[in-house]
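> Quick one: the structure is below, questions incoming.
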Amino acid sequence: MTAPRATILIVEDEPEIRRFLRSSLGAEGYKVVESATGRRGAIDATTHKPDLAIIDLGLPDIDGVEVIRQIRQWSVMPVLVLSARAREHAKIEALDAGADDYITKPFGVGELLARVRVAMRHAVRPASGLGVLKLEEATVDLEARKALRAGREVHLTPIEFRLITHLAKHLGMVVTQKQLLTEVWGPTHAEDTHYLRIYMKQLRDKLEKDPVQPRHFITETGVGYRLME
Amino acid sequence: MRYSGGMEKQAVWIGYASALGAALLCTLIGLAMMSRFDVVNIAMVYLLAVVVIALRFTRGAAITCAALCVAAFDFVFVPPAGAFTVDDIQYLFTFAIMLVVALVISGLMERGRRQAEARAALTLEAETERVRSTLLASISHDLRTPLAVIAGASSSLVEEGDKLKPEEQRALAQSVYGQARDMSELVAKVLEMTRLEAGIIELRRDWASIAEIAGSVLARLGERLAAHLLVVDIAPDLPLVRVDAILVEQALANLVENAARHTPAGTAVRVSAERRGNELVVSVEDRGPGIDERDLEQVFAKFHRGRSDHGGEHAGTGVGLGLAICRAVVGLHGGRVWVERPAGGGAAFRFTLPVEAAPAPPAEA
């Protein structure tokens, strides 16, 4: 199921956490490279050219965000960050610096592997041809710009389409509020988070079976949104 | 108690202003009495003012009042009027009485106040000590038990792993995982409460939708609520609120978790939100055993645990911080939190958040 021997770089200073990541990722067939410091991680990224990097945000030498910036100067490899609870600001900073998704410590291995798989899939098949989004109750054809719910066409506004399209580009991964606002409304509206609240509600009302307990348009409180198929 | 410094300064200032006011008032009263009463009776009015100020305010204010009264009395009423000179030596005696009264009464009051403060400080100290020991007792119990399980189960796996059947290995690993998760939640709560109490939390206010926050809470706690009948009733057109969504999510999660913990499986838990005037009211209602009348206020105190747990799946695992965190968070946002005993039984926890008008996004063609 996974690409044969894909390489994952782990940048994490805690040896016990590295051990647990190594064994669970190894059991899934990934080849694992470990770095105990941020500087080492940035170098290992260039020499090993991994298919994905998992970077802890609480490194002892340099900030994990700095490692992400260095990697992003030359690579689009998927980057996942590990972060503690109640550190939403650090997560946002990492995501805006180019990380693709995050996992909050403590986490179970199931959650970790799910995130890794989604990120790998995006790397293998970059979301250029968007195709049709299949939701529980509705389908959205992003190219024909048509949405159907129970066989009937649902009218989506141009902004609603732009919002879904941008979320769908990162299907299964989190997109920060700032990224969405900048992409959909433009950089002058990067702080107008109430636009997002209003439009996400509209989208959920139109496309979710239960708008209050959404299955597809998921809120990552304080960080952003995630579209799940 | 911390802000008492500023309060006291203000009270001192008010004391001096009152002293001046009292002297002026007495002079007016004295002027009205002058035609019909003896000057000595007017002195009594001044004396009364000195007593009142001495009882109510600081020693400094009392002495000031006495001095002002003496001066006003002398200048306006004591012959020769309109001058600070005194013809009759007996008035000097009146002046002295006023000063002595001011000193004696304010001295008595001061001593009484100091004793009261000392008693309050002692009580506070005792209270702090009590909270600290409850914290220790709570934390050490709630940390030790899962640690014992984790250490025991994992050591079996390490040392006896080969001899155990696969399903036994699995069960042991499962309990390590479960206990570690509970413990990490507990530690997160303790840290959260500590941050809230230290006053180092800076609210990151942002426009938020309570429906969205409730959705995240229910997604997060879905597993916990699996055995309950969940009813969600969020009014469709609620205004946005300007809050720290992460903290409010935590506050609501604690209420929902509390309901799941203290009510038996199969009973209903209702999560609702509605607008009442300039407030949003968010409620979590359950059909559990309810809250004792005596505990309506007490349940929000730190380390308070229900008098008895009634068979909720996680009964007895709470550390008694969830509701205290909820109260602290809601308070930071200028809202209120309380619990009611609905007529139909169970408990209804509610909190409010103030509503502001959010600017509308640009209209689409």
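Please treat every number below as a calculation from the coordinates, not as lab data. Since the model is a prediction, treat every value here as computed from it, not as a measurement. Neighbour counts are summed over all protein chains in view; Cβ atoms, including those assigned to glycine, are modelled from backbone coordinates with ideal geometry.
> Which value, to two decimals, describes the C-alpha radius of gyration of the stretch A:36-76 once divided by 2.2 N^0.38 Å?
Here the answer is 1.02, to two decimals.
> B:GLU168 to B:ALA227: FRET efficiency via 1/(1 + (r/R0)^6), r the Cβ-Cβ distance, R0 30 Å, to the nearest 0.05?
0.70
> Of all beta bridges DSSP finds with both residues in the protein assembly as shown, what is the antiparallel percent, to the nearest 5?
Here the antiparallel bridges make up roughly 60 percent for the protein assembly as shown.
> Something else now. Would the protein assembly as shown count as rounded, prolate or oblate if I go by the C-alpha gyration tensor, calling it rounded below 1.5 in a/c and otherwise prolate when a/b exceeds b/c, oblate otherwise?
Prolate, since a/c reaches 1.5 and a/b exceeds b/c.
> Just rank B:LYS163, A:LYS49, A:LYS146, B:LYS189, fewest to most, by other beta-carbon atoms within 10 angstrom.
Fewest-to-most ranking of B:LYS163, A:LYS49, A:LYS146, B:LYS189: B:LYS163, A:LYS49, A:LYS146, B:LYS189.
> Now a separate question. For chain B, what are the DSSP H helices with axial Cα length of 18 Å or more and mean Kyte-Doolittle hydropathy of at least 1.0?
Once both thresholds are applied, what remains is B:4-33, B:39-56, B:59-72.
> Tell me whether the stretch B:103-229 comes out rounded, prolate or oblate; compute the Cα gyration tensor, take square roots of the eigenvalues as a ≥ b ≥ c, and use a/c under 1.5 as the rounded threshold.
Judged from the Cα gyration tensor, the stretch B:103-229 comes out oblate (a/c at least 1.5, b/c at or above a/b).
> Before rounding to the nearest 500, sum -39500 (n - 2.57) across all DSSP H runs of length at least 4 in the protein assembly as shown and divide by the residue total; then give [θ] at 222 nm in deg cm²/dmol.
About -17500 deg cm²/dmol.
> Taking square-rooted eigenvalues a ≥ b ≥ c of the alpha carbon gyration tensor, is chain B rounded, prolate or oblate, where a/c under 1.5 means rounded and, failing that, a/b exceeding b/c means prolate?
prolate
> Pop a pseudo-label 7 angstrom from the Cα along the beta-carbon direction at both B:THR85 and B:ALA151 and give the gap in nm to one decimal.
Between B:THR85 and B:ALA151, the label points sit 9.4 nm apart.
> How many nm is it between the label spots at B:LEU296 and A:VAL154, if each spot is 7 Å from the Cα in line with the beta carbon?
Using points 7 Å along Cα→Cβ, the separation is 4.4 nm.
> Please list the non-local residues whose amide H lies under 5 Å from the amide H of A:LEU135, H modeled 1.01 Å from N, same-chain partners needing a gap of 5 or more.
A:VAL140
> To continue, here is another question. On average, how much area does the Cα convex hull of chain A cover when viewed from any direction, in nm²?
That works out to 12.9 nm², a quarter of the Cα hull's surface.
> Taking the alpha carbon gyration tensor of the stretch B:321-365, what are the square roots of 5 times its eigenvalues, largest first, to the nearest whole Å?
Equivalent-ellipsoid dimensions as semi-axes: 32, 16, 9 Å.
> Next question. Towards the positive end of the charge dipole of the protein assembly as shown, with charges on Cβ (+1 Lys, Arg; -1 Asp, Glu), say which of A:LEU59, A:ILE10, B:ILE89 has the farthest Cα.
A:ILE10
> Give the longest segment of chain B that steers clear of chymotrypsin sites (Phe, Trp or Tyr not before Pro) in DSSP loops with at most 11 neighbouring Cβ atoms within 10 Å, not counting the sites themselves.
B:85-365
> Which of the GluC sites (Glu not before Pro) found in the stretch B:202-259 are loop residues per DSSP with 10 or fewer other Cβ atoms within 10 Å of their Cβ?
The qualifying sites are B:GLU202.
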